[in-house]
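S.K.: To start, I am sharing the structure in question, which I have written as C-alpha cells.
The values are calculated or read from the model by the stated rules, or taken from the named source; none is laboratory data. Because the structure is predicted, anything quoted here is derived from the model rather than measured. Glycine gets a Cβ as well: all are built from the backbone with ideal geometry, and neighbour counts include every protein chain shown. Side chains included, ligands, DNA and RNA excluded: accessible areas come from the protein's heavy atoms. Shrake-Rupley method; radii C 1.70, N 1.55, O 1.52, S 1.80 Å.
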Amino acid sequence: MTRMDDLVVVGAGPYGLSIAAHAAAAGLGVRVLGRPMASWRDHMPDGMYLKSEPWSSNLSAPGGRHTLAAYCATRGLAAEHGSPLPIGTFSSYGMWFARRAVPEVEEVTVTEVTPQGDGFLVRTAEGPPLLARTVALAVGVMPFVHLPKVLRDLPPGHCSHSSGHRDLARFAGREVAVIGAGQAALETAALLAENGARPCLVARRSRLNWNTVPQPLERPALRALRDPHSGLGTGWRSWVWSELPWAVRRLPAPTRERIAATALGPAGAWWLRERFERSVPVLLGHRLHRAVPVGERTRLGLTTAAGESVVLDVAHVVAATGFTPHLDRLELLDARLRAALDTVGDGGTPELSAVFESSWPGLFFAGLLTAPSFGPSMRFVHGAGFTAGRLVRGVRKRLGARDRPAGSTGTVRLDRAGAGHPKTSLR
C-alpha cells in the first residue's frame with residue numbers, strides 16, 4: 001500500500017525549501033519535489049546579481065539558522081549591506097540550505113495534483129504517484145511567464161522571454177530589442193552589451209526609475225525613524241509591505257489586488273545604472289503594437305507618445321515583461337479543483353486563510369500566487385520568512401482537524417463547480 005505523507009511540497013525554490021525546513025523541524029512527514037533553486041540556476045544569465053540586500057535574502061529555517069551570511073562565512077565570501085551579491089552565490093546558498101535543513105529533495109517533475117479521498121494524489125513524470133494528506137504549491141514564477149500578445153505569434157527563434165536565457169553570449173554581434181523597464185530588462189540589456197550584442201531597450205514608460213544607493217544600516221535615530229530599513233527597501237511604505245503581510249490580507253480584495261499590481265513598481269538597481277547608461281540606447285515612451293518576421297529578422301512597429309510610428313528591425317526580441325500569476329496557468333493542478341477555488345476579487349489567484357490555506361481543505365499556496373492575498377513581499381525571497389512558519393502551522397492544524405471525529409470542525413458547503421465536495425472553512 002502506498003504510504004500517505006503528511007505534506008508534499010511542490011517546488012524547491014526559496015519558498016519550497018523554507019516550508020520543508022519548518023515542516024521537518026515540526027516532525028511532519030514531508031517530501032519535497034522539484035529541482036532545487038531551478039529558477040536561479042537555470043533561468044538567469046551568468047553575470048546577474050541579486051537585487052535585494054544580502055541580509056534580507058535569507059531562506060527560512062526555525063531559529064533563524066542557515067542564513068546567507070552563515071553560508072558566505074563558510075566560503076570566505078562577503079555578504080555586506082550595499083554590496084551586490086552574484087546570483088551564482090545565492091543559488092549555491094540555496095543548495096547548501098537544502099542539504100542542511102531539508103529532507104532530501106526529489107528532483108522530479110510534478111505533472112498532476114488532484115483530490116484523492118481525504119487528501120491528494122500527486123503524479124510525477126518520473127515515478128509512481130504519491131499520496132499526501134496536505135499539499136503546498138510553491139511553484140515559483142516560471143509557470144506564469146508573461147509574453148505580450150503582439151509577440152506570441154512570432155516563429156521560434158525570433159522572440160524569447162528574459163527568463164529563457166542562461167547564456168547571453170550567443171547574441172554577440174546581433175541587434176536585440178529588449179522590451180521592458182524593470183530590473184530584468186535593464187540588467188539583461190546591459191549584459192547583452194557586455195557580451196558583444198547590440199541591444200536597444202524599448203519601454204512604454206517616459207522615464208526609467210532607478211533605486212538610490214542604500215542608506216547605512218547604522219544611522220542617527222531620527223533619520224532611521226523617518227526612513228526605516230526593511231526587507232523590501234527603505235521608507236515606511238516598503239516597511240509595511242515587508243513587515244505586515246498579515247495586515248495587508250485584512251484589506252478589501254480590490255485594494256489588495258491594486259497593491260499587488262502596483263506596489264514596488266519597475267526600477268533598476270543603483271549599482272547597474274552606470275553600466276546600463278554607457279552601453280544601451282533606449283526608446284522611451286514607445287508602445288509596441290506590431291511584430292512580424294522578415295526572413296530571419298523581426299520587424300517591430302512602435303508608436304510614440306505623440307502618435308508617431310517608428311519601425312525597429314532586429315535579429316531577436318527579448319521580452320523582459322515579468323510574470324502574471326493566474327490559477328488557469330497552473331496546469332499541474334486538477335482543472336476541476338482549480339475551478340472550485342475561491343479567488344481574490346475578480347482575479348485568478350487563490351483567496352487564502354491567515355495560514356496560506358486555500359478554500360480547498362489541505363491545499364496551501366506560497367510565493368507569487370499569494371501576493372494578492374498578502375502583498376508584494378510575496379514576490380521576493382524575503383517573503384519566505386513570513387510564509388514558511390505560518391503555512392506549516394496551518395498544515396498542522398489541518399492534520400489535527402482530520403484526526404478528529406467527522407463533523408467536529410468547520411462547516412460543509414458545496415463548491416462552486418456544484419460537485420458537492422466538502423470544504424472545511426478555517427476562517
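S.K.: For the stretch 176-226, state which GluC sites (Glu not before Pro) are in a DSSP loop and have at most 15 other beta carbons lying within 10 Å of their beta carbon.
M.R.: For GluC sites (Glu not before Pro) across the stretch 176-226 that sit outside H, G, I, E and B with at most 15 neighbouring Cβ atoms in 10 Å, the list reads 218.
S.K.: Rounded to two decimals, what is Rg over Rh for the chain when you use alpha-carbon atoms and the Kirkwood radius?
M.R.: Taking Rg over the Kirkwood Rh, I get 0.98.
S.K.: Can you give me the angle between helix 87-101 and the longest principal axis of the chain, using Cα atoms only, in degrees from 0 to 90, rounded to the nearest 10?
M.R.: 10 degrees
S.K.: For n ≥ 4 DSSP H runs only, could you compute -39500 (n - 2.57) per run for the chain, divide by its residues and tell me the 222 nm figure to the nearest 500?
M.R.: When only DSSP H runs of four or more count, the value is -7500 deg cm²/dmol.
S.K.: Further question on the same structure: Would you kindly state how much longer the chain becomes between residue 73 and residue 3 on full extension, computed as 0.36 nm times their sequence separation minus their alpha carbon distance, in nm to one decimal?
M.R.: Result: 21.2 nm gained on full extension.
S.K.: Could you give the length gained by full extension between residue 305 and residue 227, i.e. 0.36 nm per residue of separation minus their alpha carbon distance, to one decimal place?
M.R.: The span from residue 305 to residue 227 would gain 24.6 nm if fully extended.
S.K.: Another question, if that's okay. Going toward the positive end of the dipole of the stretch 162-278, with +1 on Lys and Arg Cβ and -1 on Asp and Glu Cβ, which of 222, 261, 199 do you reach last?
M.R.: 261
S.K.: Here's something else I'd like to know. Rounded to the nearest 0.05, what FRET efficiency do residue 65 and residue 244 give with R0 = 30 Å and r taken as the Cβ-Cβ distance? Could you check?
M.R.: Between residue 65 and residue 244 the formula returns 0.75.
S.K.: In nm, give the distance between the simple-model label positions of residue 326 and residue 25, each being 7 Å from the Cα along the Cα-to-Cβ direction.
M.R.: For the pair residue 326/residue 25, the computed spacing is 3.8 nm.
S.K.: Test of understanding: extend the Cα→C-beta vector of residue 255 to 7 Å, then name every residue of the stretch 360-393 with backbone N under 19 Å from that spot.
M.R.: Residues 371-378 qualify, since their backbone N sits under 19 Å from the label point.
S.K.: Could you tell me how far the Cα centroid of the stretch 212-228 sits from the Cα centroid of the stretch 377-404, in Å?
M.R.: Centre-to-centre (Cα) distance: 32 Å.
S.K.: If I ignore ligands, DNA and RNA and count only protein heavy atoms, how much of residue 165 is accessible to a 1.4 Å probe, in Å² to the nearest 10?
M.R.: Counting only protein heavy atoms, residue 165 exposes about 10 Å² to solvent.
S.K.: Ok, one more. Quick one: putting +1 on the C-beta of Lys and Arg, -1 on the C-beta of Asp and Glu, what dipole do you get for the stretch 1-70 around its Cα centre, in Debye to the nearest 20?
M.R.: Value, rounded to 20: 100 debye.
S.K.: Provide the solvent-accessible area of residue 72, counting protein heavy atoms only and rolling a 1.4 Å probe, rounded to the nearest 10 Å².
M.R.: Accessible area of residue 72: about 0 Å².
S.K.: Right, something else. How much accessible surface area, in Å² rounded to 10, belongs to the heavy atoms of residue 365 with a 1.4 Å probe?
M.R.: 0 Å²
S.K.: Can I ask one more? In whole percent, how big is the carbon plus sulfur part of the accessible area of the stretch 74-123, probe 1.4 Å, protein atoms only?
M.R.: About 45 percent, which is the carbon plus sulfur part of the accessible surface.
S.K.: Go ahead and set up a Gaussian network model of the chain, Cα springs under 10 Å, then flag whichever of 34, 11, 345 fluctuates most.
M.R.: In the Gaussian network model the winner is 345.
S.K.: Looking at the stretch 274-318, which GluC sites (Glu not before Pro) are in a loop (DSSP not H, G, I, E or B) and have at most 16 other Cβ atoms within 10 Å?
M.R.: 296, 308
S.K.: Then there's this: Could you work out how much longer the chain between residue 292 and residue 35 gets when fully extended? Use 0.36 nm per residue separation minus the Cα distance between them, nm to one decimal.
M.R.: Length gained between residue 292 and residue 35: 88.9 nm.
S.K.: For the stretch 1-148, what is the percent of antiparallel DSSP beta bridges, rounded to the nearest 5?
M.R.: 50 percent
S.K.: Please give the FRET efficiency for residue 166 paired with residue 209, using the beta carbon to beta carbon distance and R0 = 30 Å, rounded to the nearest 0.05.
M.R.: 0.65
S.K.: Which trypsin sites (Lys or Arg not before Pro) from the stretch 1-104 combine a DSSP loop assignment with at most 11 other Cβ atoms within 10 Å?
M.R.: Passing sites in the stretch 1-104 are 3.
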